[in-house]
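Asks: Dropping a structure here in structure tokens format, bear with me for questions.
The values are calculated or read from the model by the stated rules, or taken from the named source; none is laboratory data. Computed from a predicted structure; not experimentally measured. Every residue, glycine as well, gets a Cβ built from its backbone with ideal geometry; the counts of neighbours run over all protein chains shown.
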């Protein structure tokens, strides 16, 4: 594994592609990378531009089975909703539910 060090002595491991998926907005790549000893899982656009999302950090405490389960669920959610799962914020979901309730009344 390649490790780089910045002037602040921050150690960053090699970024590893864990999965790819496609939604109507385009192709996405899920990466794993160790930063200062902590594993971070990110969701990035496959081509330049677009937003990247932090999916999870410190997953190394839960082991490889937890990583596999996270990836399986994440990819399934992207298929079900045809969007980046992390783009769905809890606040947005709550507002959508409140709007639906108000429309029903």
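Asks: Which count do you get for residues in segment 71-98 that are in a helix (DSSP H, G or I) and modelled with pLDDT under 70?
Replies: The total comes to 8.
Asks: Please find, within segment 12-55, the residue that is nearest to the chain's Cα centre (by Cα) out of those that are touching a residue at least 24 places away in the same chain (Cβ under 8 Å) and assigned to a loop (DSSP other than H, G, I, E, B).
Replies: Result: 51.
Asks: Now a separate question. Looking only at residues in segment 56-67 that are in a helix (DSSP H, G or I) and in contact (Cβ under 8 Å) with a residue 12 or more places away in the chain, which one is surrounded by the fewest Cβ atoms within 10 Å (Cβ to Cβ)?
Replies: For segment 56-67, the residue satisfying everything is 60.
Asks: Looking at segment 1-15 only, could you name the residues that are loosely packed, with under 13 Cβ neighbours inside 10 Å and at pLDDT 90 or above?
Replies: Of everything in segment 1-15, just one residue is loosely packed, with under 13 Cβ neighbours inside 10 Å and at pLDDT 90 or above, namely 14.
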